[in-house]
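One structure is given here, and the rest of the page talks about it.
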Amino acid sequence: MNRIDHLFQNKKSRILSVFFTAGFPGLNDTVPIIELLEKNGVDLIEIGIPFSDPTADGPDIQHSNDEALKNGMSLELLFSQLEGIREKVSLPLILMGYFNPVMQFGVERFCRKCRETGIDGVILPDLPPWEYDRQYKAYFEGNGLHNILLITPQTSDERIREADRQTGGFLYMVSSSSTTGAGKEVSDFQTEYFERVRRLNPDHPRLIGFGISNRATFENACQYASGAIIGSAFIRALQEPGTPEEKVGRFVRQILPSV
Amino acid sequence: MKYTIDQFGYYGEFGGAWIPEMMYANISELLTRYLEIMESPGFSQEFDSLLKDYVGRPSPLYYASRLSERYGSHLYLKREDLNHTGSHKLNNTIGQILLAQRLGKTRIIAETGAGQHGLATATVCALKGLQCVVYMGATDIARQEPNVRKMRMLGAEVVPVNSGNKTLKDATNEAMRDWINHPEDTHYIIGSVVGPHPYPDMVARFQSVISAEIRKQLLEKTGSELPTRLIACVGGGSNAAGTFYHFLEEEQVELIGVEAAGRGVDSGETAATLAVGSPGVLHAARTMLMQNSDGQITEPYSISAGLDYPGIGPLHAHLFKTGRAKYLNATDRETLEAAHLLTRLEGIIPALESAHALAALDKIPMKPDEVNVVCLSGRGDKDMAAYLEYFGY
């Protein structure tokens, strides 16, 4: 069974997913960070594939993308860093990024590499569902790879139902209309959106992302979904002083009560 | 119909709407309504009347006799430089501001390179009393200062962008981020035939007035609507799209786009996308891009801020791929010399962008009885600093 499905089957609430950019802050930090996140009780990891033009991201993740590319990170190198990762960690792993690096790598080859490496799902926000269906679905399905779809406060009920039919693993609920790390206050409008999605009662579990940065926002998101995704706040935490062990431990303890 | 979009917004293999869900509401609203709005009687009436009385259209088709003599062939200049705000950009912003009003939008955003599109956007926002935010790379703000001041005087907020090379690509990234953050009240006026479907088609339609006029004017001046060839500079490619539009199906008319070679296509400092690029996805379209093998976009370079872009509109990628149009390029130096030549032979100081099209005249074999039309897309006021530095006046 896909590790993402396994996770949601066994854990129904308070799932913590953490995003970070591969090759940041140091080129070879990718694997140690994955191991530390698992050790500290994180449930799911989204590994960012750096891109030169991350148009859906705010300043923190833009910065981590720039730095990772300067460090020499590439999709080719990421796969070689991740070789043997399944001997080290067992939590589900997702690759997240923009479509162009995947396209240049070759979509079919990318999906095969994901399976060989032990990647469970992919989030490519600028690969819209109609292009996925038209050209790439077979590659993903043939390699047991979930293509995880996003919904936003502007997504209509009808499209949410459609996304629920098409997504793999879970629905990624973008909390507010924003780029990543915007940190907009939770508004009535947002609560209304969270309630609306809950009433639609999708088949897939939901994780809420964008603007989740601390225990309060995490707890709030958990009232409406199986858990939440934190990205920009973790990228900021990785730039604080300390060893990787200290930084990851300190960050996770800020979100979760001691595990 | 070979050169128009299909039901998915593709010209052949290029185009589409590679948008994240965060942009879906805005794009789908535009997609379902742009043709209906553009074809409504009230719209075309207002659009045509503003083009005539506000922009100053039709723009003249000028027979450049000394330039013709120099090249030994008939050369006409389509004088988009004589439009209000000094370039073809206003054709598109007039169209899009009328569209934005009908969509009930109150806030306008735009990206700009040379500042011509930003200026044209700030102008129509003043005309219609709408809030205007223009994203512009910090490098371009420095090299196109007169336009920045004009935009501010017109009431626009000019936001400097400090990512990447701080040029047009980076300004476009930032405008897209703004749109994601303002999904309800904002319309994004993209300045070229780039971006997600329906922008390439919509902008080409607004700019198509250029070729509609050329046909009429040529008929009057030469007795035929069809020239031998059309020549236009290409960054994203909006003036070229407008110049080619009504000739696309006339296969005997030769179409030539001219890209910015910068310091040379093999120098690593270039913006000639078709000369060095490959297919990819950027700014929500599948098109030709300057990129490395990992899919990271290469920073472009050109002396001309308006052509300093690592992609190209999907229509041009398709015309290139099918061979319907030919794409040449001109270096910074060739461009500066061509600008000087036009200035001295015809008394017209062209924009650096447009001077690329003129520089290509040296590379095109022309016969005495042929009719060539060059789109003079903009005037050179904004580029005086670059000209003065190079020529030392």
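A few remarks follow.
- Restricting attention to region A:152-172 and to residues that are of a type in the set (A, V, I, L, M) and not in a strand (DSSP E or B), the residue that is surrounded by the most Cβ atoms within 10 Å (Cβ to Cβ) turns out to be A:Ala163.
- Checked against the criterion of being closer than 30 Å to B:Gly86 by Cα and away from chain A (no Cβ under 11 Å), region B:14-24 has at least one qualifying residue.
- For region B:169-186, residues that are more than 9 Å from every other protein chain (Cβ to nearest Cβ) and in contact with a helix residue (DSSP H, G or I) (Cβ under 7 Å, 6 or more places away or on another chain) total 2.
- If you go through region A:137-172 and keep only what is β-branched (Val, Ile, Thr) and more than 10 Å from chain B (Cβ to nearest Cβ), you end up with A:Ile148, A:Ile160, A:Thr167.
- When region A:105-126 is limited to residues that are in a loop (DSSP other than H, G, I, E, B) and small (Gly, Ala, Ser), the one that is nearest to B:Arg286 (Cα to Cα) turns out to be A:Gly106.
- Taking region B:294-393 as the region of interest, the helices (runs of 4 or more DSSP H) fully inside it that hold 1 or more residues being of a type in the set (Lys, Arg) and touching a residue at least 40 places away in the same chain (Cβ under 8 Å) are B:314-322.
- Subset of region A:29-70 [closer than 23 Å to A:Thr179 by Cβ, among the polar types (S, T, N, Q) and not in a loop (DSSP other than H, G, I, E, B)]: A:Gln62, A:Ser64, A:Asn65
- Considering residues of region B:368-385 that are touching a Leu at 6+ places or on another chain (Cβ under 8 Å) and of a type outside the set (Lys, Arg) only, the residue most open to solvent (accessible area, probe 1.4 Å): B:Val371
- Of the residues in region B:96-113, at least one is within 22 Å of B:Arg379 (Cβ to Cβ) and at pLDDT below 95.
- Test: residue in region A:189-205 that is closer than 30 Å to A:Phe79 by Cβ and either more than 13 Å from chain B (Cβ to nearest Cβ) or acidic (Asp, Glu) (or both): yes
- Within region B:159-168, the residues that satisfy the criterion of being open to solvent by 10 Å² or more (accessible area, probe 1.4 Å) and either more than 9 Å from chain A (Cβ to nearest Cβ) or not hydroxyl-bearing (Ser, Thr, Tyr) (or both) are B:Val159, B:Pro160, B:Asn162, B:Gly164, B:Asn165, B:Lys166, B:Leu168.
- Residues in region A:7-23 that are assigned to a helix (DSSP H, G or I) and buried (at least 17 other Cβ atoms within 10 Å of the Cβ): 2 in all.
- Counting only strands (runs of 3 or more DSSP E) that sit completely within region B:139-246, those holding 1 or more residues that are not assigned by TED's automatic domain parsing to the domain that holds B:Ala114 correspond to B:229-233.
- When B:Tyr11 is tested against (1) at pLDDT below 95; (2) more than 14 Å from chain A (Cβ to nearest Cβ), only condition (1) is not met.
- Residues being part of a loop (DSSP other than H, G, I, E, B) and either under 13 Å from A:Thr152 (Cα atoms) or away from chain B (no Cβ under 14 Å) (or both) - total across region A:173-184: 6
- Residue under evaluation B:Thr32, criteria (1) of a type in the set (Val, Ile, Thr); (2) surrounded by 14 or more Cβ atoms within 10 Å (Cβ to Cβ); (3) part of a helix (DSSP H, G or I); (4) out of contact with any Phe, Trp or Tyr (no Cβ under 9 Å at 6 or more places or on another chain), criterion not met: (2)
The values are calculated or read from the model by the stated rules, or taken from the named source; none is laboratory data. Just so you know, these numbers come straight off a predicted model, no measurement behind them. Counting neighbours? That spans all protein chains shown, and the Cβs are built from the backbone with ideal geometry, glycine included. Remember, those area values only see protein heavy atoms, side chains included, never the ligands or the DNA or RNA. Shrake-Rupley method; radii C 1.70, N 1.55, O 1.52, S 1.80 Å.
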